[in-house]
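Working notes, beginning with the structure itself.
Taken together, the values in this text are just the output of simple stated rules run on the coordinates, not laboratory data. Everything quoted here is computed from the prediction, not taken from an experiment. Cβ placement follows ideal geometry from the backbone for every residue including glycine, while neighbour counts extend to all protein chains displayed.
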Amino acid sequence: MNKAMFSFAIAAIAIVAIFLFDRKVPKETAMTMQQKLAFIPGDLDYSRTRTSVDKKYIISISSLIDPVPLNQIHQWELTIKTQQGDLVDAASVSITGGMPMHKHGLPTAPRMTQDLGQGRYLIEGMKFSMAGWWEIIIEVAQGFDKDKATFNLILR
Ligand SMILES: [Cu+2]
């Protein structure tokens, strides 16, 4: 093999290598913006009863309209118990949330409007303005004792 042929062979290998490398790149590119916005982690917990972060409460939530409606103001009900199973009355409850992948909050400002007794509370003003993954964060306070739980909701 003379020098010219050798150089040509090296150049050909280099071109093939660059071509193969190039072809791989599109497969490895990050998600498109649209895929990102629609992304839902595979391991989400959809339980409607959850233990709060610091394990002070067991909180259950349910929409009074089932399935949860899109673009309609509706009510939810909560039940709050202690870890020992005692019903928690006269607590303060606040509701926040939003869409983690869209970095926006709830479109309304839902509020707990009635302590129904027996550990139950009414939440009014819930609304979800688009399909996808929503978080509902319930914070419960009794005096200085505060704790919260996050619930996941998928709307289609
Ligand atoms: Cu959104």
Taking 1 over the mean of 1/r across every pair of different Cα atoms in the chain, what Kirkwood radius in Å do you get? 18.9 Å
Exposure proxy order (Cβ contacts within 10 Å, fewest to most) of S63, S92, S7: S7, S92, S63
Subtracting the Cα-Cα distance of A9 and L155 from 0.36 nm times their residue separation yields 46.8 nm
Taking K55 as the anchor, which aspartates and glutamates have their alpha carbon closer than 14 Å to its alpha carbon, excluding any fewer than eight residues away along the same chain? D86, E139, D145, D147
What helix-only [θ] at 222 nm does the chain give? Using -39500 (n - 2.57) per DSSP H run of at least 4, over all residues, to the nearest 500, the answer is -7000 deg cm²/dmol
Net +/- balance of residues flanking G117 in space, Cβ distance below 14 Å, scoring K and R +1, D and E -1: -2
Please list 3J(HN,Hα) in residue order for segment 146-156, calculated via the Karplus relation 6.51 cos²θ - 1.76 cosθ + 1.60 where θ = phi - 60°; whole Hz, with x for glycine and proline. 10, 7, 9, 9, 10, 10, 9, 9, 10, 10, 10
Along the positive direction of the dipole of the chain (beta-carbon charges: Lys, Arg +1; Asp, Glu -1; about the Cα centre), which of M112, M31, I95 reaches farthest? M31
Per 0.36 nm of contour for each residue apart, how much would the distance between L64 and L37 grow if the chain were fully extended, relative to their Cα-Cα spacing? 6.9 nm
With charges only on Cβ, +1 for K and R and -1 for D and E, what is the dipole size of the chain about its Cα centre, in debye, rounded to 20? 760 debye
Given H placed on each backbone N at 1.01 Å, which residues far from K146 in sequence or on other chains put an amide H within less than 5 Å of it? none
Net charge near G132 (other residues with Cβ under 12 Å of its Cβ; Lys, Arg +1; Asp, Glu -1) is +1
Gained length - Y46 relative to R120, 0.36 nm times residue gap less alpha-carbon distance: 24.6 nm
Greater than 20 Å separation of Cα atoms is the criterion. Which listed pairs, K56/K148; K36/K148; K56/K127; K56/K103, meet it? K36/K148; K56/K127; K56/K103
